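Presented below is the structure to which this report refers.
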Amino acid sequence: MPFISVSDEIANKSFTYIENKFINKYLPVLDPVAVKVYLYSLYLYQNGFSSVSLEELAEKLNMTADEAKSCFEYLEEFELVSVISVSPFEIKILDAENVNGTPKKFKPEKYADFTKAVQSIIKGRMISTNEFREYFIMLEEYGFEQNALIMIISYCVNLKGDNIRLQYIKKVAKSFADDGITTAKKVDEKLSTYTYSTVALINIFKAAGISRQPDIEDDKLYKKWTDDLGFDDGAIITCAKKFKIKTTDKLDIMLEELYKNKKFDAKEIEDYCNNRISIFNATLDIAKALGVYMQNSAPYVENYVNVWCDWGFGFKTLKSVADYCFKNGKKSFEDMHEFVRKLYDGGTVSDGAVEDYLDKLNAQDLFIKRILSECGLTRKVIEWDRISLEKWRSWNFSDEMILEGARLSAGKSNPTSYLSSVLSAWKAEGKFTLDAVQSYSLASARITATKADVERHYYNLRHNAEAKAEKALNSALADGEYGSIRKQLNELAISLAFAEVKSPADAESISLKIKKLEADGDKRLKELCIDKADFTPQYSCKNCNDTGYDKNGSPCVCMKRFIADLK
């Protein structure tokens, strides 16, 4: 019969799982009270009671909170738990595998002189048996000479004080062992080198406002900054001051950035910092001008403003461009980027050139507004208007002639298209002055309704309606949530087409999913204040959808009216 067995009742009950490594390696050597705390902590976590406080755990185990805390600190020395917060007290249970191997029993007499020396160094508290065990492990596992480890412990205490934690000493000792520094001679040489750099580090820390003392890890960073990256102390201090750095990690990151940008001299670093700050401030100004909220400006700096500056645009010019873009409906960095690229491709980069170009565009828009007003329209200027004006001017018409044509177009069903027809007729008859058309009227103009006129008219109508619908849809698809819904709907539509042929049951299920997604999409559109009806082209004639022909293929009444107006 086996040494241990369980009843059926126990076999059918819940359990708290414990790693076999804990039972085999740690249970024989751990303090019994600490084992009790460890097992009860496992039980609490595995059964969903992780919110229990340290005080509640201690009360349940008939001990004080300080006693329970000491047990966890004891378990931390064996790397069975990690204390991640002191107030409130929180711990994380770790894998039962001490990085230094299985806890061992050591003969105290072998390390008698060592233990006395360590206790004389750490005067503020009594060193526990378990802490000494960790030092013994370091001696044997890392191969330290006793005097070498004593020197390391002394260094750590001088740096951190008598209340130094074991974990810090282990971290420093491991750093020495990783570099192969395990003899007293090598440790002494290493510490001497570090002492040499300490004065420089203290000055750097003072400049950065770092209150703690430099340690061996800081010494490694200092050697990297000076030996590998090539910075002198003055450059490092300038970096710390100018970028208002408060940690060595951040200082390391900024020095890496300076190294990549080949800025080594203190003056170069100062100029780089000032320019970097200016770029961030310029980005904020541009975002404000565009009406864009930035939670994090760094991506906008990297992807847009830095690019524009590399192209040669100044901050003041970019602000003017942003103002122009906002007034003309380009209210994002993406839209502004397209406009700036157009300027760059056209060689319009300098402050004066951009200013003249924007003045020209503003003057052009003012003139277009005047044209629209003469046509009897009150809408905003659109890109099609700018393209049309460019075309009319390319026909060698003066602004006075274009305004005259606009006056003749007032009251028509599509004044701008009618204006194009008027100017086209004048061009064909060689009438390019006001005198030539002074007696010109719609009756005497003899404008003929050619097939090209009709096709151009209906193309413009359809194009404007469809472009407006496409713009509304693209605006909605730019929203990540709605864009994802539309993508799923498109995929399901394809699946539904196949399912309707092969599997009616699947088709019904897919239809329900489509219905649910459409409802989600409508809800999202409502949140975005977008009317779904705008996705469908709003044609001026519902009878022919701006084709000119009804469903029977006969000329639509709107076409007959348009031809009559031309004649």
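Coordinate-derived values only; no laboratory data. Because the structure is predicted, anything quoted here is derived from the model rather than measured. Note: ideal-geometry Cβ built from the backbone for every residue, glycine included; neighbour counts use all protein chains shown.
Close amide-amide hydrogen proximity is noted between I91 and I84, each under 5 Å apart and 5 or more residues distant or on a separate chain (H modeled in the peptide plane; Pro and chain starts excluded). Ordering of 403-414, 374-385 by packing is 403-414, 374-385, highest average first (other Cβ atoms within 10 Å, averaged per residue). For the chain, averaging the sequence separation of C-alpha pairs within contact (under 8 Å, six or more residues apart) and dividing by the residue count gives a relative contact order of 6 percent. Please give the length that would be gained between K526 and Y43 if that part of the chain were fully extended, namely 0.36 nm times their separation in residues minus their C-alpha to C-alpha distance (nm, one decimal). In short, 168.9 nm is gained. Extension gain for the segment E508 to S14, taken as residue separation times 0.36 nm less the Cα-Cα distance, is 173.4 nm to one decimal. Between Q295 and I202, the simple label model (points 7 Å from Cα in the Cβ direction) yields a spacing of 4.5 nm. The calculated 222 nm mean residue ellipticity attributable to helices in the chain amounts to -20000 deg cm²/dmol, summing -39500 (n - 2.57) over DSSP H runs of n ≥ 4 and dividing by all residues.
Kindly put R133, R393 in sequence by how many other C-beta atoms sit within 10 Å of each C-beta, fewest to most. Intermediate results must be reported in sequence, preceding the final value.
Numbers: R133 18, R393 14.
The order, fewest Cβ neighbours first, is R393, R133.
Over 21 Å between Cα atoms: which of K260/K316; K186/K223; K391/K542; K190/K224 fall into that group? Flagged as over cut-off: K260/K316; K391/K542. Taking 0.36 nm per residue of sequence separation and removing the Cα-Cα distance, the D323/Y344 pair yields an extension gain of 5.8 nm. Loop-located trypsin sites (Lys or Arg not before Pro) in segment 457-563 (DSSP state other than H, G, I, E, B) with a sparse environment of at most 13 neighbouring Cβ atoms within 10 Å: K542, K551.
With a/c under 1.5 counting as rounded, go ahead and sort the chain into rounded, prolate or oblate using the C-alpha gyration tensor (a ≥ b ≥ c being the square roots of the eigenvalues; past the cut-off, prolate if a/b is larger than b/c, else oblate). It comes out oblate by the Cα gyration axes. Considering only A282, A235, V292, and ranking their Cα positions along the charge dipole of segment 224-358 that arises from unit charges at the beta-carbon of Lys, Arg, Asp and Glu, the one farthest toward the positive end is V292.
Sorting C529, C325 by the number of Cβ atoms found within 10 Å of their own Cβ, with the fewest placed first, yields C529, C325.
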